[in-house]
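The values are calculated or read from the model by the stated rules, or taken from the named source; none is laboratory data. Quick caveat: nothing in here was measured; it's all calculated off a predicted structure. Cβ: placed from backbone, ideal geometry, glycine included. Neighbour counts: every protein chain shown. Just the protein is used for accessible areas: all its heavy atoms, side chains included, with ligands, DNA and RNA removed. Shrake-Rupley method; radii C 1.70, N 1.55, O 1.52, S 1.80 Å.
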Amino acid sequence: MKNKRQAVVIFSGGQDSTTCLFWARKQYEEVIAISFDYGQRHRKELECAAALAEEYGVEHHILDLHLLNELAPNSLTRSEITVDPDAPETGTPNSFVDGRNMVFLTYAAIFAKQRGITDLITGVSQSDFSGYPDCRDVFIKSLNTTLNLAMDYEFDIRTPLMWIDKEATWAMADDLGILDVIYRKTLTCYNGIIGQGCGNCPACKLRQKGYDRYMQQKKK
């Protein structure tokens, strides 16, 4: 039975998913967070996710997906591969993990259905998608249809950040009263450094650029 009082959040412990987690807490009576251990080099994000979930009383599960690491080697799962500093002009960056969001959402959907939950929340964004095709709206809508057909169940994949950039994501965090939480306690850095991160990887650059723009706008 459809239950709008509950939602499952794909939760990495990074800026976007943590913002979505707190957004969901405003929308639903109960929120369950799911993280995935796929051998990521920035696996400290899982520690951030667990710590945040515990601090704010959110039920949290970490699922083992190391097979994804073996099937799709890339710079996020192989320390010997240097992360592309910028998205290439054509093709996907070497930090793209083939099938990651599809697999994450599929497992989250299976988990949710067993509990009678229909709503899945993910922090993907087409505005700041870094060249990752599985962050696009057309993919999410397509997968939503596929999951519904595959399980004969009415899932609703919600994407609060789909049409906003990092500046607006910081603004959302501020509106939710968690600007400092996102700034200090989340891990977005591909090199596994909490908070402001290494400052050099693409994820850090995108995050900091959005923060600077938001703070400048806030001062006006």
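Please find, within the stretch 197-211, the residue that is modelled with the highest pLDDT out of those that are open to solvent by 30 Å² or more (accessible area, probe 1.4 Å) and farther than 11 Å from Gln15 by Cβ. The residue in question is Lys209. Any residue at all in the stretch 11-22 that is of a type outside the set (Phe, Trp, Tyr), in a helix (DSSP H, G or I) and more than 14 Å from the chain's Cα centre (by Cα)? No - not one qualifying residue is present in the stretch 11-22.
Within the stretch 129-145, being in contact with a Ser or Thr (Cβ under 9 Å, 6 or more places away or on another chain) and not aromatic (Phe, Trp, Tyr) holds for Ser130, Gly131, Pro133, Cys135, Asp137, Ile140, Leu143.
Identify all residues within the stretch 4-25 that are open to solvent by 30 Å² or more (accessible area, probe 1.4 Å) and either at pLDDT below 95 or of a type in the set (Ser, Thr, Tyr) (or both); write none if there are none. Result: Lys4, Arg5, Ser12. Of the residues making up the stretch 181-196, those that are open to solvent by 50 Å² or more (accessible area, probe 1.4 Å) and either small (Gly, Ala, Ser) or touching a helix residue (DSSP H, G or I) at 6+ places or on another chain (Cβ under 9 Å) (or both) are Tyr183, Lys185, Asn191, Ile193, Ile194, Gln196.
Among the residues of the stretch 24-50, which ones are touching a strand residue (DSSP E or B) at 6+ places or on another chain (Cβ under 9 Å) and more than 19 Å from Tyr190 (Cβ to Cβ)? Listed by number, the residues that qualify are Ala24, Arg25, Gln27, Tyr28, Glu29, Glu30, Val31, Ile32, Ala33, Ile34, Ala50. Among the residues that make up the stretch 94-112, is at least one of them of a type in the set (D, E, K, R), assigned to a loop (DSSP other than H, G, I, E, B), buried (at least 16 other Cβ atoms within 10 Å of the Cβ) and modelled with pLDDT under 90? There is no residue in the stretch 94-112 that is of a type in the set (D, E, K, R), assigned to a loop (DSSP other than H, G, I, E, B), buried (at least 16 other Cβ atoms within 10 Å of the Cβ) and modelled with pLDDT under 90.
Can Glu54 be described as assigned to a helix (DSSP H, G or I), open to solvent by 70 Å² or more (accessible area, probe 1.4 Å) and either without any contact (Cβ under 8 Å) to a residue 12 or more places away in the chain or on the phi > 0 side of the Ramachandran plot (or both)?
When the stated conditions are applied, Glu54 passes them.
Picking from residues in the stretch 137-176 that are in contact (Cβ under 8 Å) with a residue 12 or more places away in the chain, in a loop (DSSP other than H, G, I, E, B) and open to solvent by 20 Å² or more (accessible area, probe 1.4 Å), the one that is farthest from Ser17 (Cα to Cα) is Tyr153. Might you check whether a residue that is modelled with pLDDT under 95, of a type in the set (D, E, K, R) and under 24 Å from Asp165 (Cβ atoms) occurs anywhere in the stretch 65-81? No.
Out of curiosity, is Gly195 at positive phi and not basic (Lys, Arg)?
Yes.
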